[in-house]
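**Q** I have a structure I would like to understand better, so I am pasting it below and will then ask my questions one at a time.
The values are calculated or read from the model by the stated rules, or taken from the named source; none is laboratory data. As the structure is a prediction and not an experimental result, all values here were calculated from the model. Note that we place each Cβ from the backbone using ideal geometry, even for glycine, and neighbour counts take in every protein chain shown. The accessibility values were calculated without ligands, DNA or RNA, using every heavy atom of the protein model including side chains. Shrake-Rupley method; radii C 1.70, N 1.55, O 1.52, S 1.80 Å.
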Amino acid sequence: MRNRRKKFGSVLSNIYSYLVYLFLYLPIFVVLLFSFNTSKRNIVFEGFTFEWYLRLPDNDSLLNAYGNTLFVGCISTVIATVIGTLASYGMSKYKFKGKGIIDILLYIPVVIPEIVLGISLLAIFNLSNVPMGLTSLIIAHATFSIPFVVFTVNARLAGFDRSVEEAAMDLGAGRLKTFFTVTLPIIMPGVISGAFLAFTLSVDDIIISFFTTGPGSNTFPLKVMELTKTGVTPDVYALTTIVFIVTVAVTFLSQRDKKKPVKG
Amino acid sequence: MEERRAIVEIKNVNKIFGENHVVHDLDLTIYEGEFLTMLGPSGCGKTTILRMIGGFEEPSGGQILVEGERVEEKEPFERNVNTVFQSYALFPHMDIFNNVAYGLKMKKVKKEEISRRVKEMLALVQLNGFEKRYPSQLSGGQKQRVAIARALINRPKVLLLDEPLGALDLKLRKEMQLELKNLQKKLGITFVYVTHDQEEALAMSDRIAVMNQGYLDQLDTPEKVYEKPVTRFVADFIGESNIFEATMSEITGNTASIGLEVGYALGLAEEGVTYAPSEMVYACVRPEKVLFSQETIEGFNIKGVVREQIYVGNIIKSNVIIANGQTVKISRLDIDEVPKVGERINLYWNSDDVVIMKSRGYQIRSVIENASLGGN
Ligand SMILES: Nc1ncnc2c1ncn2[C@@H]1O[C@H](COP(=O)(O)OP(=O)(O)O)[C@@H](O)[C@H]1O
Ligand SMILES: [Mg+2]
């Protein structure tokens with residue numbers, strides 16, 4: 001009797017987790033499916049075709065937007081990763097007055113509504129005559145990504161044994177040499193997760209990009225938003241599918257990389 | 001010892017962390033090729049002194065000279081000393097080859113020479129064939145050897161070792177003590193060794209610097225430190241000892257009659273030391289030097305009852321309670337005669353087996369310290 005009830009419970013919880021995954025992945029599956037649909041309208045699946053994929057190279061405005069997204073993503077990620085890593089390292093290494101306040105100040109951009117950050121950035125760009133376009137986008141994306149890099153690198157530095165730096169200096173390495181040959185390699189996993197996070201945030205940002213972009217510098221998410229007004233066509237689905245597959249591949253690769261026998 | 005060349009000279013060094021005065025007026029000369037141990041309980045400032053020699057802390061005052069050159073302001077990488085850290089501090093992301101090679105790479109030594117010397121060094125610490133392993137794949141003892149090899153490959157003039165065997169189990173620790181001592185003799189490099197383990201210090205060192213709350217209490221050979229401790233702290237910390245509070249009563253020649261809280265005894269007055277009449281002193285006798293008898297002995301009057309006996313290997317330790325409640329320890333080999341439990345006995349010793357220590361200066365100092373530390 002007891003046993004049976006237990007069994008029933010475990011079946012229920014199994015069903016529950018299947019449902020969670022279903023809700024997560026069903027919409028993606030639908031997009032994937034309709035990217036192969038012969039019909040332009042996404043209501044019924046009429047037949048299988050590669051047509052939308054083949055026509056992608058001709059869709060200049062979509063590809064251009066996607067190129068912008070990748071460009072802004074890459075550059076802002078590099079900037080945010082460098083600045084965030086150095087900031088985290090400096091704050092962990094040196095103790096100074098008001099450090100607690102600086103830590104809190106770093107959380108605020110993460111928790112305030114994006115719309116506030118977007119408007120603030122727009123105001124600053126206008127005041128300081130930063131050309132609105134890719135430059136302003138890159139600065140904006142780097143800005144909101146930095147705290148995330150700091151957090152991931154902080155987590156890594158929390159378990160970092162300072163004596164290995166002293167050992168390096170003891171063995172004749174100067175401060176820079178020590179940082180690049182010992183510290184950076186050891187905190188690298190934190191730096192890489194930070195960079196991934198920054199890139200992900202940049203690539204699918206809409207709200208802040210909406211405020212900080214200029215004419216002619218559309219990003220992919222903004223372009224898709226624009227298209228939803230007139231109806232999304234299967235070529236957007238095709239591009240989305242490609243993005244999805246690339247993301248999945250990269251995620252798997254990076255997870256596999258983590259299993260190397262190096263501990264820090 | 002006097003003819004040997006000084007390699008590290010610490011002159012009147014003080015170190016203060018905020019309100020915490022950690023090293024007091026330290027004067028210490030370390031000679032080329034010697035094995036010097038800094039011994040003291042945890043928190044007495046040993047690591048701090050080592051870190052000042054290595055360049056990781058700056059003295060609050062005083063000078064440190066290495067090979068006659070002042071180094072207080074120099075960076076760690078500008079000093080010809082190397083350190084074996086308390087926690088090993090191996091580079092986790094490098095294999096053993098690259099860990100050991102690190103110092104040579106920083107000096108831009110040629111590739112062929114690096115691999116030759118790393119090989120040599122790993123052979124020296126008996127880790128041949130470990131080049132490709134990572135630190136996380138090694139046992140504690142092996143990590144320790146890598147840390148030593150990584151420091152020694154730079155051929156430092158002085159090697160600083162901070163409780164290098166602290167994390168190892170007893171058996172391995174004993175083995176490594178011998179190995180380290182042999183290594184030091186073979187290479188002739190000066191070792192400055194930090195430990196809180198007095199047995200380790202006695203077994204390995206040429207000289208021992210006994211540290212007490214940031215003060216250097218005694219700097220001497222292991223025999224001297226054991227046989228002739230100069231402060232109560234040293235007598236207490238090194239080996240086992242019976243310490244009596246006493247007063248000097250009568251000195252004839254170099255034999256002194258000393259009054260104890262209960263009874264009296266004979267002792268040896270230190271040559272060239274003058275004592276005030278009835279001066280307060282500590283009399284220290286090692287457990288193996290305490291003699292016992294059923295009869296009373298001329299010059300002694302200490303009576304006690306044997307309370308208990310413990311067998312430790314081939315040594316029998318007896319605890320004798322004397323009139324004021326103090327326990328006097330007696331130790332004997334199991335082949336020797338031992339008192340019986342419950343027996344009333346008279347205690348005595350050869351007058352040259354007791355060490356008489358002036359107590360005042362030290363007492364005052366420790367009173368002040370205890371007061372300022374809130375009584376530790
Ligand atoms: N960086 C530091 N800042 C403040 N106090 C310190 C620092 N390093 C050591 N101390 C203090 O100095 C004292 C001696 O420490 P240490 O030299 O590590 O002793 P030991 O190695 O003999 O155990 C301790 O009370 C410790 O708390
Ligand atoms: Mg220490």
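**Q** Scanning segment B:306-365 for residues that are among the basic types (K, R) and within 26 Å of the chain's Cα centre (by Cα), which turns out modelled with the lowest pLDDT?
**A** This residue is B:R365.
**Q** Restricting to segment B:125-156, count the residues that are more than 14 Å from chain A (Cβ to nearest Cβ) and touching an Asp or Glu at 6+ places or on another chain (Cβ under 6 Å).
**A** Total satisfying the criteria: 0.
**Q** Here is a further query. In this structure, does B:I356 turn out to be open to solvent by 60 Å² or more (accessible area, probe 1.4 Å) and not in a loop (DSSP other than H, G, I, E, B)?
**A** Spelling it out, it is not the case that B:I356 is open to solvent by 60 Å² or more (accessible area, probe 1.4 Å) and not in a loop (DSSP other than H, G, I, E, B).
**Q** Right, next: Any idea which of A:F196, A:F252, A:F211 is closer than 30 Å to A:K93 by Cβ and either in contact (Cβ under 8 Å) with a residue 40 or more places away in the chain or under 16 Å from the mean Cα position of the chain (by Cα) (or both)? Walk me through it before giving the result.
**A** Numbers: A:F252 fails: closer than 30 Å to A:K93 by Cβ; A:F211 fails: closer than 30 Å to A:K93 by Cβ.
A:F196 is the lone residue from the list that is closer than 30 Å to A:K93 by Cβ and either in contact (Cβ under 8 Å) with a residue 40 or more places away in the chain or under 16 Å from the mean Cα position of the chain (by Cα) (or both).
**Q** Please determine whether any residue of segment B:269-278 is crowded, with 19+ Cβ neighbours inside 10 Å and either modelled with pLDDT under 90 or not assigned by TED's automatic domain parsing to the domain that holds B:L39 (or both). Talk me through it step by step, then tell me what you get.
**A** First, the residues of segment B:269-278 that are crowded, with 19+ Cβ neighbours inside 10 Å: B:269.
With either modelled with pLDDT under 90 or not assigned by TED's automatic domain parsing to the domain that holds B:L39 (or both) added as a condition, the list becomes B:269.
Yes, some residue in segment B:269-278 is crowded, with 19+ Cβ neighbours inside 10 Å and either modelled with pLDDT under 90 or not assigned by TED's automatic domain parsing to the domain that holds B:L39 (or both).
**Q** Test B:E288 against the stated conditions and say whether it is closer than 21 Å to B:V230 by Cβ, touching a strand residue (DSSP E or B) at 6+ places or on another chain (Cβ under 7 Å) and open to solvent by 50 Å² or more (accessible area, probe 1.4 Å).
**A** Criteria met by B:E288.
**Q** Tell me which of these A:D235 doesn't satisfy, since it passes every other one: (1) part of a helix (DSSP H, G or I); (2) away from chain B (no Cβ under 14 Å); (3) closer than 28 Å to A:T143 by Cα; (4) not hydroxyl-bearing (S, T, Y).
**A** So the condition that A:D235 fails would be (3).
**Q** Condition first: within 16 Å of ligand 2 (Cβ to nearest atom) and hydrophobic (A, V, I, L, M, F, W, C). Can you find one or more residues in segment B:257-278 that meet it?
**A** Within segment B:257-278, not a single residue is within 16 Å of ligand 2 (Cβ to nearest atom) and hydrophobic (A, V, I, L, M, F, W, C).
**Q** So is A:D170 at the interface with another protein chain (Cβ under 7 Å from one of its Cβ atoms), without any contact (Cβ under 8 Å) to a residue 40 or more places away in the chain, in contact with a strand residue (DSSP E or B) (Cβ under 7 Å, 6 or more places away or on another chain) and not hydroxyl-bearing (S, T, Y) or not? First the steps, then the outcome.
**A** Values: at the interface with another protein chain (Cβ under 7 Å from one of its Cβ atoms): yes; without any contact (Cβ under 8 Å) to a residue 40 or more places away in the chain: yes; in contact with a strand residue (DSSP E or B) (Cβ under 7 Å, 6 or more places away or on another chain): yes; not hydroxyl-bearing (S, T, Y): yes.
Answer is yes for this residue.
**Q** Among A:F71, A:F29, which is the only one that is among the aromatic types (F, W, Y), farther than 26 Å from A:G194 by Cβ and out of contact with any strand residue (DSSP E or B) (no Cβ under 8 Å at 6 or more places or on another chain)?
**A** Testing whether each residue is among the aromatic types (F, W, Y), farther than 26 Å from A:G194 by Cβ and out of contact with any strand residue (DSSP E or B) (no Cβ under 8 Å at 6 or more places or on another chain) leaves just A:F29.
**Q** Could I ask something else about it? If A:V153 passes every condition in (1) surrounded by 19 or more Cβ atoms within 10 Å (Cβ to Cβ); (2) of a type in the set (V, I, T); (3) out of contact with any Gly (no Cβ under 7 Å at 6 or more places or on another chain) but one, which one does it miss?
**A** The one condition A:V153 does not meet is (3).
**Q** Answer yes or no as to whether A:S163 is touching a residue at least 40 places away in the same chain (Cβ under 8 Å), open to solvent by 10 Å² or more (accessible area, probe 1.4 Å) and either more than 24 Å from the chain's Cα centre (by Cα) or in the same structural domain as A:I104 (by TED's automatic domain parsing) (or both).
**A** No, not satisfied.
**Q** Does B:A203 satisfy the condition of being away from ligand 2 (no atom under 16 Å from the Cβ) and over 24 Å from A:M169 (Cβ atoms)?
**A** Considered against the rule, which asks whether it is away from ligand 2 (no atom under 16 Å from the Cβ) and over 24 Å from A:M169 (Cβ atoms), B:A203 comes out as yes.
**Q** Can you tell me which residue is farthest from A:S163 (Cα to Cα) among those in segment B:32-45 that are within 12 Å of ligand 2 (Cβ to nearest atom) and open to solvent by 10 Å² or more (accessible area, probe 1.4 Å)?
**A** This residue is B:P41.
**Q** Next up: Answer yes or no: is there a residue in segment A:179-194 that is crowded, with 19+ Cβ neighbours inside 10 Å, over 21 Å from A:T152 (Cα atoms) and either of a type in the set (D, E, K, R) or more than 14 Å from chain B (Cβ to nearest Cβ) (or both).
**A** No: segment A:179-194 contains no residue that is crowded, with 19+ Cβ neighbours inside 10 Å, over 21 Å from A:T152 (Cα atoms) and either of a type in the set (D, E, K, R) or more than 14 Å from chain B (Cβ to nearest Cβ) (or both).
**Q** Scan B:E67, B:E34, B:E9, B:E75 and give me the residue that is more than 12 Å from ligand 1 (Cβ to nearest atom), more than 22 Å from A:R175 (Cβ to Cβ) and at pLDDT below 95.
**A** Only one candidate passes the filter, namely B:E67.
**Q** If you don't mind, there's one more thing I want to ask. Only one of B:M176, B:M211, B:M248 is out of contact with any strand residue (DSSP E or B) (no Cβ under 9 Å at 6 or more places or on another chain), of a type outside the set (S, T, Y) and either open to solvent by less than 20 Å² (accessible area, probe 1.4 Å) or assigned to a loop (DSSP other than H, G, I, E, B) (or both); which? It would help to see each step written out before you state the result.
**A** Values: B:M211 fails: out of contact with any strand residue (DSSP E or B) (no Cβ under 9 Å at 6 or more places or on another chain); B:M248 fails: out of contact with any strand residue (DSSP E or B) (no Cβ under 9 Å at 6 or more places or on another chain).
Answer to the selection: B:M176.
**Q** Let me ask something additional. Kindly evaluate B:L122 against the criterion of being more than 16 Å from ligand 2 (Cβ to nearest atom) and within 14 Å of chain A (Cβ to nearest Cβ).
**A** no
**Q** Show me the strands (runs of 3 or more DSSP E) found entirely inside segment B:1-111 where at least 1 residues are away from chain A (no Cβ under 14 Å) and in contact (Cβ under 8 Å) with a residue 12 or more places away in the chain.
**A** Values: elements: B:6-17, B:20-31, B:35-39, B:61-66, B:81-84.
Output list reads B:6-17, B:20-31, B:35-39, B:61-66.
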